[in-house]
Amino acid sequence: MELIEVRNLEKIYQNGSVKTPALRGVSFSIKEGEFVGVMGPSGSGKSTLLHILGFLDTPTKGDYFFEGKRMEDFSEEQLAYIRNKKMGFVFQNFNLLPRTNVLENVKLPLFYSGVKESLMEKMAREAIEKVGISYRINHYPSQLSGGERQKVAIARAIVQNPLVIFADEPTGNLDSKSGENIMGILSSLNKEGHTILLVTHETWIAQYAE
Ligand code: ADP
């Protein structure tokens, strides 16, 4: 079965009388386990697409199916559940909480999902271990390099073993060495079975995708 399918997706932003078309009839599907790259220059609608796929926005027209079910047919509760449990998000700017250490940042999604307190720490430590940042577990984001911050963000994204990871320019703020490192982590997560949708405008980054 397709994990994600979109048909004739359109998004038109309307500000007063000004209409900005961002997506004009996009159709594609992604199977479980795929590593998909979405490429295009700035302004081509990549973030708009990712927002819709992550349930943060709705299309103006067209259909979005997640695990075979139309987005409109999920309740608000179901959308929130899927977002929290089945999707992981990695952004260019890391989006870590500044006054919170590595362990607490990674635990964050678990507070929204009713995981038992005793289990939270174990799950967070495992995710932190997996991305190789255990040696910084008590550090704060400001005490970490860009590459290390992105590892923490990936640990947070995978702490509940999501089906799909949405990565929006994950190496955009990193030097090429750290970028390679982050792409290596995403590749091995894909080999373990996570579906990945990667947005990038850089050819060498897109080459990690299938
Ligand atoms: P990308 O991520 O590829 O840079 P975006 O999805 O951010 O592209 O933007 C696609 C187009 O939609 C751009 O022309 C942008 O200016 C426009 N756009 C994005 N968000 C809004 C908004 N909230 N209101 C109006 N126009 C927008």
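Brief remarks follow.
- Looking only at the range 196-210, and only at residues there that are farther than 18 Å from residue 155 by Cβ and open to solvent by less than 10 Å² (accessible area, probe 1.4 Å), the one that is farthest from the chain's Cα centre (by Cα): 205
- In the range 11-44, the residues that are more than 24 Å from residue 195 (Cβ to Cβ) and either away from the ligand (no atom under 11 Å from the Cβ) or of a type in the set (Asp, Glu) (or both): 17
- Any chance residue 42 is free of Cβ contacts under 8 Å to residues at least 40 places away in the same chain, at negative phi and not aliphatic (A, V, I, L, M): no
- For the range 175-192, the set of residues classified as closer than 21 Å to residue 129 by Cα and more than 15 Å from the chain's Cα centre (by Cα) consists of 177, 178, 179, 180, 181, 184, 188, 191, 192, listed by residue number.
- Number of the exception - residue 76 against (1) out of contact with any Leu (no Cβ under 9 Å at 6 or more places or on another chain); (2) under 19 Å from residue 189 (Cβ atoms): (2)
- The residue pairs whose first member lies in the range 83-108 and is without any contact (Cβ under 8 Å) to a residue 40 or more places away in the chain, whose second member is of a type outside the set (Lys, Arg) and open to solvent by less than 20 Å² (accessible area, probe 1.4 Å), and whose beta carbons are closer than 6 Å, counting only pairs six or more residues apart or on different chains, are 103/124.
- Entirely in the range 18-126, the strands (runs of 3 or more DSSP E) that have 3 or more residues that are open to solvent by 70 Å² or more (accessible area, probe 1.4 Å) and among the basic types (Lys, Arg): 18-31
- Scanning the range 45-66 for residues that are aliphatic (A, V, I, L, M) and either more than 15 Å from the ligand (Cβ to nearest atom) or in contact (Cβ under 8 Å) with a residue 24 or more places away in the chain (or both) yields 49, 50, 52, 53.
The values are calculated or read from the model by the stated rules, or taken from the named source; none is laboratory data. This is a predicted model, so every value here is computed, not measured. Glycine also receives a Cβ, built like all others from the backbone with ideal geometry; neighbour counts cover every protein chain displayed. Note: areas computed on protein heavy atoms with side chains; ligands, DNA, RNA excluded. Shrake-Rupley method; radii C 1.70, N 1.55, O 1.52, S 1.80 Å.
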